[in-house]
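A quick write-up on the structure given underneath.
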Amino acid sequence: DGTEPSHMHYENDENYFRGYEWWLMKEAKKRNPKIKMIGLPWTFPGWIGKGENWPYDYPDVTAYYIVSWILGAKQYHDLDIDYIGIWNERAFNSKYIKLLRYTLDKHGLQQVRIIASDRLWEPISFVLLLDSQLRGVVDVIGAHYPGTKTVPNALLTKKKLWSSEDYSTFNDEVGAGCWARILNQNYVNGNMTSTIAWNLVASYYEELPFGRCGLMTAQEPWSGHYKVEAPIWITAHTTQFTQPGWSYLQVDGHLKGGGSFVALTDGLGNLTIIIETMTHDHSQCIRPPLPHFSVTPQRATFYLKGSFYMVETLQVWHSRLGFESGNSSLFQQLHPIKVWRGSFSLDLNVDEVYTLTTLKTGQKCGCPEPPPPQPFPSNYKDDFNLRNPPFSEAPNFADQTGVFEYFINASDPGDHVFTLRQVVIQRPITWASDADQTISIIGNFKWVNMTITCDIYIEKAHDGGVFIAGRVNNGGIYVRRAQGVFFWVFADGTYRVTGDIAGEEILMKGLSGVRDNAWHTLTLNIQGTSASGNLNGYPLWENVTISKPSNGWAAIGTRSFEFAQFDNFHVE
């Protein structure tokens with residue numbers, strides 16, 4: 001649902017302080033030093049393909065790019081990357097994977113493991129069985145949205161099997177049910193010992209394609225409001241009572257009345273059992289489709305054998321998802337269970353999760369109430385005048401194609417020293433269908449009438465151009481079809497008003513006198529079914545009729561992948 005800045009925008013460029021990921025990784029390590037770090041490219045900068053939309057023609061260049069990121073993580077942030085992937089949900093290349101392993105080893109990164117191919121179980125499993133050299137360098141097979149099932153070839157490889165991307169479901173109680181079910185059943189049905197949720201926290205505008213598909217929601221940085229949603233407490237049932245490095249016990253985890261259980265140990269005598277009884281309609285994930293099954297209330301008896309026979313009591317944590325009744329009970333500590341001669345019984349209702357554990361460390365935080373929700377400010381300004389910004393990008397702007405970064409104009413006489421600059425000057429090796437223009441959105445999707453003013457500076461001579469826009473109605477993987485009211489000015493002295501980012505629906509055009517390498521002020525005013533535009537404070541066009549869309553975000557952007565600057569942004 002947006003773009004992120006690369007550590008290498010250009011061939012001769014390296015910067016390990018862009019974007020939010022470095023901050024996020026360090027925050028994660030603070031909370032759990034044992035957490036694992038995985039890197040996985042979605043998109044590559046265009047220079048890696050030397051003009052082709054493909055990352056494997058120059059595998060040495062791609063490996064260099066990836067290994068640079070891993071080395072930078074250590075050098076600048078003291079972060080150890082544990083696993084590295086190939087290319088998210090796209091083709092893999094055996095020669096590249098072998099070269100990546102060689103390059104990692106050459107730089108002393110033997111401990112970094114390779115996961116492939118973050119797509120489906122095939123063809124990677126089949127290729128691993130055929131190619132012993134490849135089998136020697138791939139440590140984990142990662143599949144996306146496996147529906148709790150694996151395939152025979154994957155099992156034959158004897159590799160670790162992971163659901164390396166899953167969930168992606170709206171974070172209400174059905175989302176929590178989905179997450180509870182797959183966290184257990186990915187192991188019970190598919191032998192997967194890791195399940196990774198996309199995504200961690202929904203911190204992007206909700207009307208983007210995958211709004212609120214995070215384990216929790218924090219999508220109002222302007223108000224500070226956030227919500228710890230039910231999937232977080234479902235996660236806690238597993239993650240508060242296990243750690244990376246624990247082992248699943250190889251038992252059949254299917255319950256007679258439906259539902260499942262898993263049991264894990266640290267190998268030092270601790271035992272954690274997680275039980276879920278999610279019903280079909282209350283646990284559907286976004287994908288794949290879920291075949292019908294039934295779950296009924298049941299009494300389950302567990303028998304502890306071997307060294308676990310000596311366990312006398314187990315701590316109990318319980319969640320019940322309420323659905324129709326609306327009164328869920330999430331992650332409550334119940335009375336401990338007494339184990340009698342290695343066995344105990346439990347009455348299980350439907351849509352419940354239990355954790356039974358020898359650990360006494362569980363906690364449900366009594367956190368202060370977050371601030372109340374507020375809409376995006378109806379009068380918002382940013383002059384980008386920050387000498388040492390905490391992040392490389394301005395707050396609240398959500399880049400959807402291209403990257404907009406704080407920039408210092410050393411040569412400017414004073415009015416525009418600190419600006420926001422679009423810095424991606426070559427179409428990336430794309431993952432989704434990015435637009436052919438760059439765009440960053442901001443504001444409230446429900447906005448109807450608005451006035452947007454921004455100083456703009458075209459850097460590209462002849463065919464360069466920039467826009468400001470309102471009522472923008474799309475982003476993420478659908479950004480190419482974004483509609484709105486787009487006010488463009490071009491380096492050749494012309495202007496256009498279009499109803500879409502692609503520029504196909506032309507509402508007005510003419511001469512503006514705008515040129516490259518000079519500052520100009522654009523104003524776009526949209527009221528009801530009419531729009532008008534000013535240049536440097538004077539009317540340039542007016543009374544353009546707007547039929548659709550009826551509402552949307554404000555936005556800035558460029559005609560192509562080109563340098564351009566923006567300053568004194570104001571929306572009302």
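Table for the structure above
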{"quantity": "Any hit, region 19-37, residues being open to solvent by less than 80 Å² (accessible area, probe 1.4 Å), part of a loop (DSSP other than H, G, I, E, B), in contact with a Leu (Cβ under 7 Å, 6 or more places away or on another chain) and not assigned by the TED database to the domain that holds N396", "calculated": "yes"}
{"quantity": "Options I70, I86, I81; residue that is open to solvent by less than 80 Å² (accessible area, probe 1.4 Å), in a helix (DSSP H, G or I) and either among the small types (G, A, S) or at negative phi (or both)", "calculated": "I70"}
{"quantity": "Among (1) touching a residue at least 24 places away in the same chain (Cβ under 8 Å); (2) open to solvent by 80 Å² or more (accessible area, probe 1.4 Å) - the single one P291 does not satisfy", "calculated": "(1)"}
{"quantity": "Residue match in region 220-229 (condition: in a helix (DSSP H, G or I), open to solvent by less than 40 Å² (accessible area, probe 1.4 Å) and either closer than 21 Å to S440 by Cβ or in the same structural domain as A143 (by the TED database) (or both))", "calculated": "no"}
{"quantity": "Restricting region 105-137 to residues that are in contact (Cβ under 8 Å) with a residue 40 or more places away in the chain and outside any loop (DSSP other than H, G, I, E, B), the residue that is nearest to D80 (Cα to Cα)", "calculated": "I115"}
{"quantity": "Cβ pairs under 7 Å, 6+ apart, first in region 219-235 and modelled with pLDDT of 95 or more, second open to solvent by 40 Å² or more (accessible area, probe 1.4 Å) and part of a helix (DSSP H, G or I)", "calculated": "A230/E173"}
{"quantity": "Residues being under 28 Å from G513 (Cα atoms) and open to solvent by less than 20 Å² (accessible area, probe 1.4 Å) - total across region 443-454", "calculated": "3"}
{"quantity": "Residue satisfying all of: in region 410-433; of a type in the set (A, V, I, L, M, F, W, C) and more than 21 Å from G46 (Cβ to Cβ); most open to solvent (accessible area, probe 1.4 Å) among these", "calculated": "A410"}
{"quantity": "Matching residues, region 198-215, being outside any loop (DSSP other than H, G, I, E, B) and surrounded by fewer than 22 Cβ atoms within 10 Å (Cβ to Cβ)", "calculated": "W198, V201"}
{"quantity": "Criterion: of a type in the set (K, R) and closer than 30 Å to W54 by Cβ - qualifying residue of R387, R427", "calculated": "R427"}
{"quantity": "Those residues of region 101-127 which are closer than 17 Å to W162 by Cβ and more than 29 Å from the chain's Cα centre (by Cα), in sequence order", "calculated": "none"}
{"quantity": "Contacts under 7 angstrom Cβ, first residue in region 516-536 being closer than 12 Å to V485 by Cβ, partner open to solvent by less than 20 Å² (accessible area, probe 1.4 Å) and assigned to a loop (DSSP other than H, G, I, E, B), 6 or more apart", "calculated": "I526/I546; T529/I546; S530/I546; A531/I546"}
{"quantity": "Condition met for K509 (basic (K, R), part of a strand (DSSP E or B) and outside the structural domain of Y205 (by the TED database))", "calculated": "yes"}
{"quantity": "Subset of region 321-347 (residues that are open to solvent by less than 70 Å² (accessible area, probe 1.4 Å) and either assigned to a loop (DSSP other than H, G, I, E, B) or under 14 Å from E173 (Cβ atoms) (or both))", "calculated": "L321, G322, F323, G326, S328, S329, L330, F331, V339, G342"}
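The values are calculated or read from the model by the stated rules, or taken from the named source; none is laboratory data. On a predicted model such as this, the values are computed, not experimentally measured, just so you know. Glycine also receives a Cβ, built like all others from the backbone with ideal geometry; neighbour counts cover every protein chain displayed. Surface accessibility is based on the protein's heavy atoms, side chains included, excluding ligands, DNA and RNA. Shrake-Rupley method; radii C 1.70, N 1.55, O 1.52, S 1.80 Å.
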